[in-house]
Amino acid sequence: MKEEKSKRTKKYKRHFNTNLIKWNLSYSTQEIAELLGTTVNTVCAWYKTGLQKNDKNIPHLVFGRNLIEFLNYKNKKRKKKCEDGSFFCFKCQKIQTAWENSVDIEIMDAKRMRISGLCERCNSKVNKVFNTKKLNDCQKIFAVQVIRNKHLLG
Ligand SMILES: [Zn+2]
């Protein structure tokens, strides 16, 4: 009977509940695995795909806020490709849209641009970095107010 249960819980988890994570705590790899009901191996794989560790010390520790951001990105990526009008708001600890969908775009270099707006719920600054190839798409998604440093695109 025991075996049957573990078989069921072994099913690959596609969506991780970020509400379980406290944004101001640090977690070890083992703690993350237990908290989210996944394996240490899975968490190690996340380090390679973008989950940010606090530093290079062993054992690794991860800030809750970095974990939340990573999982939200991951959860979201599965739904859409993150090329929609939403941002992760650190204050709300949630994915939000920008107030009136209004954003400024700052071209950082030929490849990267920062899109920033205000969280529609708490009015905090929200931003994310996109590839400049998405500039045209972004102009369709957002009400773009200002594009700074457009000359950097050459
Ligand atoms: Zn907010």
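The values are calculated or read from the model by the stated rules, or taken from the named source; none is laboratory data. Given the structure is predicted, the values throughout are model-derived calculations rather than measurements. Please note: Cβ atoms are built from the backbone with ideal geometry, for glycine as well, and neighbour counts cover all protein chains shown. Areas reflect the complete protein model, heavy atoms only, side chains present, ligands, DNA and RNA absent. Shrake-Rupley method; radii C 1.70, N 1.55, O 1.52, S 1.80 Å.
With a Förster radius of 25 Å applied to the C-beta separation of ASN19 and ASP104, the computed FRET efficiency comes to 0.20. Consider a paramagnetic label point 7 Å from the Cα of VAL146 along Cα→Cβ; state which residues of region 102-122 have an amide N under 17 Å from it. Under 17 Å, as judged by backbone N against the label point of VAL146, lie 102-109, 113-119 of region 102-122. Beta bridges from DSSP with both residues in region 80-154: antiparallel share about 75 percent, rounded to the nearest 5. For LEU25, nonlocal amide neighbours, meaning residues 5 or more places apart or on other chains whose placed amide H falls under 5 Å from its own, are GLY64, ARG65. Would you mind computing, in nm to one decimal, how far apart the modelled labels at GLN52 and ARG121 are, each placed 7 Å from Cα along Cα→Cβ? That separation, rounded to one decimal, is 2.1 nm.
The accessible surface of the chain, taken with every protein chain in place and a 1.4 Å probe, is 50 percent carbon and sulfur.
Spatially, region 30-77 and region 134-154 are offset by 32 Å when compared through their Cα centroids.
Pair-distance distribution of region 80-154: all C-alpha pairs, bin width 10 Å, starting at 0; shares per bin in whole percent are 21, 53, 23, 2.
Largest first, the extents of the alpha carbon coordinates of the chain on the three principal axes equal 63, 32, 27 Å.
A 1.4 Å probe run over region 18-79, with the rest of the protein chains in place, finds 62 Å² accessible per residue. Beta bridges assigned by DSSP with both partners in the chain are antiparallel in approximately 80 percent of cases.
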